[in-house]
Amino acid sequence: MRLDDILFSQGFGTRRVCAGLVQHGHVEVADSENVFHLETDASSDWEPSLYPDGFNFKVDGRIWRYQSLAYVVLNKPAGIECSQKPSAWPSVYTLLPAPLRQRPCPGKVQGVQAVGRLDQDTTGMLLLSDDGKFLHRMTSPKHHMPKVYQVSLKHAVVGDMANAMLARLCAGVVLEDDPQPVKAQAAELLSPTHLQLTLTEGKFHQVKRMVASVGNRVEALHRSQIGGLKLPDDVLPGQWRWLTAQELQLLRG
Ligand code: URA
């Protein structure tokens, strides 16, 4: 594969734009010692076996990592919508660099897609990828992928009331406009107003509706874990980074 093909596959623009980036000396490639060398010949063959996933290159001085498929984790702040076409708030996709949004995906929508959605006011862990199988596996109800939420409750609950609330959430509650009961896989009160809830489904506003059904209200909601992977500490609100191979393994289970 040629270097301009690589740039194209990573979302750096049309083939013509990518060839121009190489020809005009905007691209540096790293050797096995991770030393960067200016690349000016677009026609030079780029040998993928020499440069596996994770190989670094720079475009206009910014380090980029070649990935045949993209898997990223993002720490979603409040006040951001997960839709590509948001109605009132900025889109979460504006937190990603253009190449991640533009990666060509043959026969599919361009760029990485979010694994499910969080409400505008929910914070925390969001995964994005352009791997269709991964997206399907993470979102399909058949796979029962657990997701852990930290819920700040409006009304403090203690004692018998707390036990009754947790038992109802785990036994199953009926939501408005939905005859099928939904239940938490696990529910724990970490303080009178801090509920930790693990769900294996992802219905619309599910946490908020479940909490409402037991007579309380969500003041703040944060997703802290998906499958076996906790939101990494080094990804601050509004930031994203590539998932490591070990982290992907934790998600695949
Ligand atoms: N449940 C909700 O109510 N909102 C979210 O954003 C996620 C789960």
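The values are calculated or read from the model by the stated rules, or taken from the named source; none is laboratory data. Because the structure is predicted, anything quoted here is derived from the model rather than measured. In this analysis, Cβ positions are derived from the backbone assuming ideal geometry, glycine residues included, and neighbour counts consider all displayed protein chains. These accessible areas exclude ligands, DNA and RNA; they are computed on the full protein's heavy atoms, side chains included. Shrake-Rupley method; radii C 1.70, N 1.55, O 1.52, S 1.80 Å.
Annotations for the structure displayed:
- Which listed residue, of HIS222, HIS194, is in contact with a Ser or Thr (Cβ under 7 Å, 6 or more places away or on another chain) and surrounded by 15 or more Cβ atoms within 10 Å (Cβ to Cβ): HIS222
- Filtered residues of the range 173-186 (kept if assigned to a strand (DSSP E or B) and either within 17 Å of LYS154 (Cβ to Cβ) or modelled with pLDDT under 95 (or both)): VAL174, LEU175, ASP178, PRO179, GLN180, PRO181
- Test: MET161 is more than 14 Å from the ligand (Cβ to nearest atom), within 29 Å of TRP242 (Cβ to Cβ) and aliphatic (A, V, I, L, M): no
- Subset of the range 138-155 that is in contact with a strand residue (DSSP E or B) (Cβ under 8 Å, 6 or more places away or on another chain) and in a loop (DSSP other than H, G, I, E, B) - its residue that is surrounded by the most Cβ atoms within 10 Å (Cβ to Cβ): MET145
- Hey, ALA187 in contact with a Cys (Cβ under 8 Å, 6 or more places away or on another chain) and not hydroxyl-bearing (Ser, Thr, Tyr) or not: yes
- Just one of the listed residues (PHE134, PHE55) is over 16 Å from the mean Cα position of the chain (by Cα) and not assigned by TED's automatic domain parsing to the domain that holds GLN206, and it is PHE55.
- Scanning the range 198-234 for residues that are more than 13 Å from the ligand (Cβ to nearest atom) and among the basic types (Lys, Arg) yields a total of 1.
- Set side by side, the residues VAL22, VAL29 differ, and just one is part of a strand (DSSP E or B), open to solvent by less than 90 Å² (accessible area, probe 1.4 Å) and at pLDDT below 95, which is VAL29.
- Scanning the range 225-253 for residues that are open to solvent by less than 70 Å² (accessible area, probe 1.4 Å) and in a loop (DSSP other than H, G, I, E, B) gives GLY227, GLY228, LEU231, PRO232, VAL235, GLY238, LEU243, THR244.
- Taken over the range 79-120, residues that are exposed (fewer than 14 other Cβ atoms within 10 Å of the Cβ) and more than 26 Å from GLY13 (Cβ to Cβ) amount to 3.
Residues checked against (1) under 23 Å from LEU229 (Cβ atoms); (2) away from the ligand (no atom under 16 Å from the Cβ); (3) at pLDDT below 95:
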{"position": "GLN67", "(1), (2), (3)": "yes, yes, yes"}
{"position": "SER91", "(1), (2), (3)": "no, no, no"}
{"position": "LEU118", "(1), (2), (3)": "yes, no, no"}
{"position": "LEU153", "(1), (2), (3)": "no, no, no"}
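- Candidates LEU195, LEU166, LEU190: the one that is assigned to a helix (DSSP H, G or I), away from the ligand (no atom under 12 Å from the Cβ) and not assigned by TED's automatic domain parsing to the domain that holds PRO77 is LEU166.
- One residue alone among LEU175, LEU135 is buried (at least 17 other Cβ atoms within 10 Å of the Cβ) and away from the ligand (no atom under 16 Å from the Cβ), and that residue is LEU135.
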